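First comes the structure, then the notes that go with it.
Rule-based calculations on the coordinates, nothing more; no lab input. Because the structure is a prediction, the values reported are computed rather than measured. Quick reminder, even Gly has a Cβ in these numbers, built from the backbone with ideal geometry, and neighbours come from all protein chains shown.
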Amino acid sequence: MLRKLLSAIAAVALLACAPLHAQSLNEINFGIISTESQTNLKQSWGPVLEDMSKRIGMPVKAFFASDYNGIIEAQRFNKVHVAWYGNQSAIDAVDRASGEVFVQTLAAGGAAGYWSLLVVHKDSPLQSIDDVKKMKADLRLGFGDPKSTSGTLVPGYYAFQQNGIDPARDFKAVIRSNHETNLLAVATRQVDLATNNNESLDRLRATQPQRAALLREIWRSPLIASDPLVWRKDLPENVKRAVRDFFVAYGNTDSDKTNLKNLGLGGFKVSSDQQLLPYRQLRLVSEKNRVMADANMSEVDKKAKVTEIDRKLAELNTLMASAK
């Protein structure tokens, strides 16, 4: 009896760990990162996922979490099969959750990129990043999710690190939230400035124009590659084909175009993990700068960490050169 019980437990454990292609896949859970309130995200993504369900012949359900990491962990444990990410969170999905980039979004005008912003109230005395640097000790910053590309990674390096600003040390207060909440916090003067992106600001102009009219941009980043969609690598090949074909073709009907407009998108195009290479590089450069500036780290430990980071950067440079 005990042997049979142990065998049954082992069989269940193997099934739980088995790749998706070895199991029956009856529906797709689509993960959506928390850039706005769940209500807004349901309204904007819902029609697209309904179309996806009809066209691939399989139920597609939206999966939400309170932060980016919740979607990554859900994909890691097969609770999410396909997900919409930013470039930084996609790195973690690829590295930790058996993920693979297969398409990327296109902006409403067809551009394959967007910009990170620093936004202030229209009546703020802040006019530039130089003003932020001068007044930082008296400023409250609305920062993005730690895994947000436009809310944390890109402004953290280009706006702050390159200007000698350490948000954790230099600002009066740092409050982390999603893009929509940060914009509203600036509009209502709960924070003095916030990181964001042009797509989220455009959505606020469409949904809450009076609040958006209270905002002003003071800094803009280099172009960021548009958001990737990531599936689990172990999805059945026929499901992968159906999902990729759906997204690449989406936008051919008037209904599709309306749904894309509500998302602030122009469509999707085929992509791969190579799209993430510049953001891996940016992560490593940011980490190297933090290590070198760490007064509490011994010189021996600092040298060892910098050497390892330089090794990884060299590998990335080789990959990026071969990808061109």
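Just how many % of Cα pairs in the chain lie over 32 Å apart, if you round to the nearest whole percent?
35 percent
So what's the angle, to the nearest 10 degrees on a 0 to 90 scale, between helix 198-207 and the longest Cα principal axis of the chain?
With rounding to tens, the tilt is 80 degrees.
Hey, rough spin-label estimate for Asp294 and Glu217, points 7 angstrom out along Cα→Cβ, what's it come to in nanometres?
3.5 nm
Hey, in the GNM for the chain with a 10 angstrom Cα cutoff, which one of Glu237, Glu299, Glu199 fluctuates hardest?
Checking each option, the largest mean-square fluctuation is seen for Glu299.
What size of dipole, in debye to the nearest 20, comes out for the chain about its Cα centre when the only charges are +1 on Lys and Arg C-beta atoms and -1 on Asp and Glu C-beta atoms?
300 debye
By per-residue mean of other Cβ atoms within 10 Å, what is the highest-first order of 53-62, 215-224?
Most protected by this proxy first, the peptides run 215-224, 53-62.
If packing is taken as the average count of other Cβ atoms within 10 Å, what order do 165-173, 186-194 fall into, highest mean first?
Ranked by mean Cβ neighbours within 10 Å, highest first: 186-194, 165-173.
Relative to the first principal axis of the alpha-carbon coordinates of the chain, what is the inclination of helix 277-292, with its axis defined by its Cα atoms, in degrees from 0 to 90 and to the nearest 10?
50 degrees
With Rg and the Kirkwood Rh both taken from Cα atoms, where does Rg over Rh land for the stretch 113-224?
Ratio of gyration radius to Kirkwood radius for the stretch 113-224: 0.92.
What's the angle, to the nearest 10 degrees (0 to 90), between helix 87-96's Cα axis and the longest principal axis of the chain?
40 degrees
Which residue fluctuates most in the GNM of the chain (Cα springs below 10 Å): Asn262, Asn296, Asn252?
Sorting by GNM fluctuation, first place goes to Asn296.
Please give the charge dipole size of the stretch 96-222, origin at the Cα centre, charges +1 on K and R Cβ atoms and -1 on D and E Cβ atoms. Round to the nearest 20 debye.
It works out to roughly 220 debye.
Once you place label points 7 Å from the Cα toward the Cβ at Ala314 and Asp234, how far apart are they in nm?
With each label point 7 Å from Cα toward Cβ, the separation is 3.5 nm.
Could you tell me the calculated FRET efficiency between Ser66 and Gln127, based on Cβ-Cβ distance and R0 = 45 angstrom, to the nearest 0.05?
Efficiency, rounded to the nearest 0.05: 0.80.
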